Amino acid sequence: MTRAHDFLDLSTAGVPVPPIAHARFNVGDVVRHRMFDFRGVIFDIDPVFANSDEWYEAIPEDARPRKDQPFYHLLAENAESSYVAYVSQQNLVSDDSDEPVNHPAIGGLFDELGDGRYRLKREHRH
C-alpha cells in the first residue's frame, strides 16, 4: 500500500523544478512568425526545445530563444517556397487571415481548413 508521505516532493527537497511551459497553440493552428515573413500550420509540438545543440548555436546569440518553452514544427511557406520550420513559441502569433497554407504535405496530414485551423485526418489522431 502506498501512502502519500512515501513520495518525495522535489520542490521541498532543494531540487530545482523547472517551470511548466504551456503551449499557446495546437496542432492544426495556422501561425505567423513574429519577425520573418512566413506562416505555417502546426503539425507537432515539443514542450521544450528538442532539436540539436548545433541547430540552436547556429542562431545568432542575441536572437536565440529560451529553450524552456514550447517549440513548434510547422509546414511553412513564404513567397518563394514551402518547407518545414522549427519555431519557438515566443516567435509565433496567430494568423487570422483565413487563407489556406500552400504546402504539399498538408493533404497527407490534415483535412481542409475550417474555422481558422486544420483538422488532423482521422488516421493521425490518437
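Things worth noting here:
- On the basis of the beta-carbon distance and an R0 of 22 Å, Met35 and Tyr86 show a calculated FRET efficiency of 0.90.
- All-pairs Cα distance distribution in the range 29-124, expressed in whole percent, bin size 5 Å: 3, 13, 23, 24, 19, 11, 6, 1, 0
- Rg over Rh for the range 68-126 works out to 0.96, both radii taken from alpha-carbon positions and Rh defined as the Kirkwood radius.
- Comparing Cα centroids, the range 61-126 and the range 33-52 end up 7 angstrom apart.
All of the numbers you see were taken from the coordinates with simple rules; none came from a lab. Since the model is a prediction, treat every value here as computed from it, not as a measurement. Here Cβ is always computed from backbone atoms with ideal geometry, including for glycine, and neighbour counts include all displayed protein chains.
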